[in-house]
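The values are calculated or read from the model by the stated rules, or taken from the named source; none is laboratory data. Everything quoted here is computed from the prediction, not taken from an experiment. Virtual Cβ from ideal backbone geometry, glycine too; neighbours counted across all protein chains shown.
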Amino acid sequence: MNDMGFQIGPWTVIAATALATYLLRIAGYVLMARVPITPRVKRALEALPGSIFVATVAPIALKAGVPGVAATAAAALAMYFTKREMPALAAGFAVVAGLRALGL
């Protein structure tokens, strides 16, 4: 309970988060319906998944130290060669578990 005697329950938070997610997804469709797909925009959209991956994973891997960076590299290599997510996840997990078992 906060100072004003108003309590927000977990279902309110879940519903608000779901609504915000839905509105953001719809906004993307509405916005892109109005943007002409030029070659420049197409290149930017094709580069977006990699950029999001790096922006999300790099800080986490660096914070985890040597095991995190090595696991990320192993997962990236496995993904490059197999083009499948499960082997990449398995490689990353195996490397981080092995290095942590070695005390790194």
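Tabulated values for the structure
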read-out	value
Among the candidates ALA33, ALA20, ALA64, residue that is of a type in the set (A, V, I, L, M), within 21 Å of the chain's Cα centre (by Cα) and at pLDDT below 95	ALA64
Residues of region 68-97 satisfying the condition of being within 17 Å of the chain's Cα centre (by Cα) and within 18 Å of VAL54 (Cβ to Cβ)	GLY68, VAL69, ALA71, THR72, ALA73, ALA75, ALA76, MET79, GLU85, ALA88, LEU89, GLY92
Residues satisfying the stated conditions in region 28-64, i.e. farther than 22 Å from ALA97 by Cα and small (Gly, Ala, Ser)	GLY28, ALA33, ALA44, ALA47, GLY50, SER51, ALA55
Checking ILE8 against (1) surrounded by 10 or more Cβ atoms within 10 Å (Cβ to Cβ); (2) not in a loop (DSSP other than H, G, I, E, B), the condition it does not meet	(2)
Filter pass, ALA75 being in a helix (DSSP H, G or I) and in contact with a Gly (Cβ under 6 Å, 6 or more places away or on another chain)	yes
Among residues of region 24-68, those that are of a type in the set (A, V, I, L, M, F, W, C), in contact (Cβ under 8 Å) with a residue 24 or more places away in the chain and in a helix (DSSP H, G or I), counted	1
